[in-house]
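First the structure, in the form of structure tokens, and then the observations on it.
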Amino acid sequence: MIEPTYPFGHDNGDQVKSFSTGFKGMITARADHIHGCNRYYVQPPVEKDNKLVEGCWFDEPDLKTIKKVAKKDLEKPPIGTRKPRGGPHSSTK
């Protein structure tokens, strides 16, 4: 496995803004590319009429952190203590 060339400058869950476009949202994914370019998928909030807005990928230098995510907010509860959230598993008998 190839180790990441550069450490990530942002974390999943961080609120960020693009310098070049003004696009704002939450980082929901990040990728390190073979030639050292860290990229982040930024998902904007849902619009007022509950319409989903498509997110975009941005290079790391184009993003400014607006709000850091607290690590405790990203921790998953232990298996067996999670509440079902719907989906096909909840409708099978």
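The values are calculated or read from the model by the stated rules, or taken from the named source; none is laboratory data. As the structure is a prediction and not an experimental result, all values here were calculated from the model. We place every Cβ from the backbone using ideal geometry, glycine too, and count neighbours over all the protein chains shown. Protein only, heavy atoms only, side chains kept; ligands, DNA and RNA dropped before computing areas. Shrake-Rupley method; radii C 1.70, N 1.55, O 1.52, S 1.80 Å.
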**OP:** Starting at the first residue of the stretch 8-23, write each ³J(HN,Hα) from the Karplus equation 6.51 cos²θ - 1.76 cosθ + 1.60 with θ = phi - 60°, in whole Hz, x for Gly and Pro.
**Re:** 5, x, 10, 10, 4, x, 5, 8, 9, 9, 7, 4, 7, 10, x, 4
Subject >> For peptides 52-58, 39-45, 8-14, sequence by mean Cβ density within 10 Å, most packed first >> reply: 39-45, 8-14, 52-58
**OP:** Could you compute the FRET efficiency for TYR6 and ALA70, with r as their C-beta to C-beta distance and R0 at 25 Å, rounded to 0.05?
**Re:** 0.55
**OP:** Summarise the accessible area of the stretch 1-70 (1.4 Å probe, protein heavy atoms) by the percent that is carbon and sulfur.
**Re:** 56 percent
